[in-house]
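Inspection log for the structure reproduced underneath, given as structure tokens.
Here, each number is a calculation from the coordinates, and none is a lab measurement. Predicted model only: the values in this text are computed from it and were never measured. Cβ coordinates were reconstructed from backbone atoms using ideal geometry, including for glycine residues, and neighbour counts include every protein chain displayed.
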Amino acid sequence: MPSPAIIGQSLISGTFIGALYALLGLGLSLSWGMLRQINLAHFALAFLGAYLTYQLSGVGGMDPLLTLLLIAPAFFLLGVGMHWVFVRFAVGPLGSLLATFGLTVIIESVIQWIWTADFLKLESPYGSASLRVGIFYLPVAGLITLAAAAALCFGTWAVLRYTDLGRAMRAAAEDGPMAAAFGVNVNALSRLLSGFASACAGVAGVALALSYTLAPSQIYAWIGVIFAVVMIGGLGKPLGPLIAGLVIGVSEAVTMALTAPAWAPVVSFSLLILVLLARARNI
Amino acid sequence: MLELREIGVAYGVATALRGVSLRIGAGELVCVVGPNGAGKTTLVNAIGGLIRIVAGGIELDGADIGALPAHEICARGIAMVPEGRRLWTNMTVRENLELGGYRSGARAARKEWMERVVAMFPLLGARLDAPAGTLSGGQQQMVAIGRALMAQPRLLLLDEPSLGLAPAIVLDMFNVIRDIHASGVAVLLVEQNVARALEIASRAYILDEGQIVAEGTPAELRNESHIARAYLGL
Ligand SMILES: Nc1ncnc2c1ncn2[C@@H]1O[C@H](COP(=O)(O)OP(=O)(O)OP(=O)(O)O)[C@@H](O)[C@H]1O
Ligand SMILES: [Mg+2]
């Protein structure tokens, strides 16, 4: 049996990895649930964001957090453009899955071409620093990730719930033609939402670069667990990825501390199956 | 105020409307009746911009609106109570009503209209924070009408508002429609309940197989015996 200190420290690291799950899951959940687009390229976009952070900060000397000011707007435009293309060619949910798989492969090749397939690690003051609280260490990069995830998820939740714009988006997601009949410019709002989802990938990328070693092949390592996070959290529900992400992150970390690291992936899918079964029973 | 000139609508290769001409004067209550599958819903959706017309034109106060997207048609003061209500069932009654007044021309007076709608349908007052999908059929129809009123339309399109309602509520529904009309709103009413619809309409059109087969005042239509027998159930 591991000591309480080890369990405590794994709770902390589970929270921080859960925050990154939430950050990666938010955009995916929004575009899947509200735009009916399954954007597999979300993961590749996040890695592109991470590599750009590495470039701007590790090579260019910018503060990694300041890179957000460039990356978030650029990714927003990318998302807007992607949605424009999807609408222009009337791409449906399955089509979007295939098209964004293709995009993933392209982005992976571009990353490999520019930054090679070697492992890269951004050396930054945030990445190495940690706060000491009692016997525990809180990595600053993790705290930043958690703050960003909480701010984005709660912010999105509040906008969707309390503003005209957000309500119009929810109405358009449920019955687009009816929303249009009541004055909602559904296409414009969808572009906005797609841009936001993509900007979230950019933010997740910055967080990724702060804590993780980057390699193009790693793009695929996140897909399974993030899909579980998104499904457990509920499609299109902005607080879902935060809650599900933290639950999965912490459960994985505790499982690893109690058993062996190899058992961690089992956690998310067991939870997913349990949640899906519970939901099926309630219908 | 609204003029349809020989409009045509098709679903793929199937023609749903052919050469339909129809006029609604300012503040008029016009009724469209016809058998199932005649194209009544198609007509409402074409006016609202939910389906594109493939022939003819639609003019609102002399301006061509036939090619405008639905949200711009709404901005010009046309609101609808669609067939089957089509509320946003996951959203609360209040959110449904507020979204009814989403268009920029209606937003300023939204609070005031919300109070009017609740005064008109007192039952909704207690259910404002309930998800719209949890209401009974009659209450949902009230929300659908309330939502359309929140848009403060000049022209209201009603597609079978009495469908599926208990007989006692149907009477209320027709009284509400009469009140809305009396307040100066032009109304296009599609109804299966022909007798009641003709009581409150100033003119009526009969649609069959995508074409207008007769038009006139309720009295004129009742007097044409073959029309009355075939379409009005008299
Ligand atoms: N989405 C659609 N795709 C293909 N055909 C359609 C569609 N909607 C309606 N139709 C066809 O168009 C014709 C007109 O349908 P519409 O719904 O306008 O009739 P309606 O007069 O409203 O009928 P009801 O009284 O049953 O509501 C029908 O033959 C119908 O089968
Ligand atoms: Mg119909």
Quiz item: Residue separation times 0.36 nm, minus the C-alpha to C-alpha distance between B:Glu115 and B:Asp208: what's the value?
Solution: 29.5 nm
Quiz item: What length, rounded to one decimal in nm, is gained on full extension from B:Arg229 through to B:Ala182, with 0.36 nm per residue of separation minus their alpha-carbon distance?
Solution: 13.9 nm
Self-check item: Nonlocal amide H pairs with A:Leu40, under 5 Å, H built at 1.01 Å
Solution: A:Thr100, A:Phe101
Exercise. Quote the relative contact order of the range B:1-76 in percent (integer), defining contacts as alpha-carbon pairs under 8 Å separated by 6+ residues.
Key: 35
Quiz item: If you count, for every residue in A:171-177, the Cβ atoms of partner chains within 10 Å of its Cβ, what is the mean?
Solution: 5
Quiz item: In percent, how large is the relative contact order of the range B:84-152, given Cα pairs closer than 8 Å and 6 or more residues apart?
Solution: 55
Quiz item: Using alpha-carbon pairs under 8 Å, 6+ residues apart, how would you state the relative contact order of chain A in percent?
Solution: 40
Practice problem: Report, in deg cm²/dmol and to the nearest 500, the calculated mean residue ellipticity at 222 nm for chain B, where each DSSP H run with n ≥ 4 adds -39500 (n - 2.57) and the sum is divided by the residue count. | Solution: -11000 deg cm²/dmol
Practice problem: Measure nothing but the geometry: give the 0 to 90° angle between the long axis through the Cα atoms of B:137-150 and the longest principal axis through the Cα atoms of chain B, rounded to 10°. | Solution: 90
Practice problem: Please give the contour-minus-distance gain from A:Phe154 to A:Ile6: 0.36 nm per residue of separation, less the Cα-Cα distance, rounded to one decimal in nm. | Solution: 50.2 nm
Quiz item: Arranged from highest to lowest average of other beta-carbon atoms within 10 Å per residue, in what order do the peptides A:33-45, B:166-178 appear?
Solution: A:33-45, B:166-178
Quiz item: Say the dipole of chain B comes from +1 at the beta carbon of Lys and Arg and -1 at that of Asp and Glu; which of B:Leu2, B:Val20, B:Ala230 then lies farthest toward its positive end?
Solution: B:Leu2
Quiz prompt | Peptide ranges B:55-68, A:241-254, A:100-113 listed from the most packed, as the mean C-beta count within 10 angstrom indicates | solution = A:241-254, A:100-113, B:55-68
Self-check item: Projected label distance in nm at B:Ala168 and A:Ile114, using a 7 Å step from Cα toward the beta-carbon
Solution: 7.0
Self-check item: Spin-label pair B:Asp61/A:Leu94, simplified geometry with 7 Å Cα→Cβ offset, distance in nm
Solution: 4.7
Exercise. Any chance you could give the angle, 0 to 90 degrees and rounded to 10, that helix B:167-182 forms with the longest Cα principal axis of chain B?
Key: 90
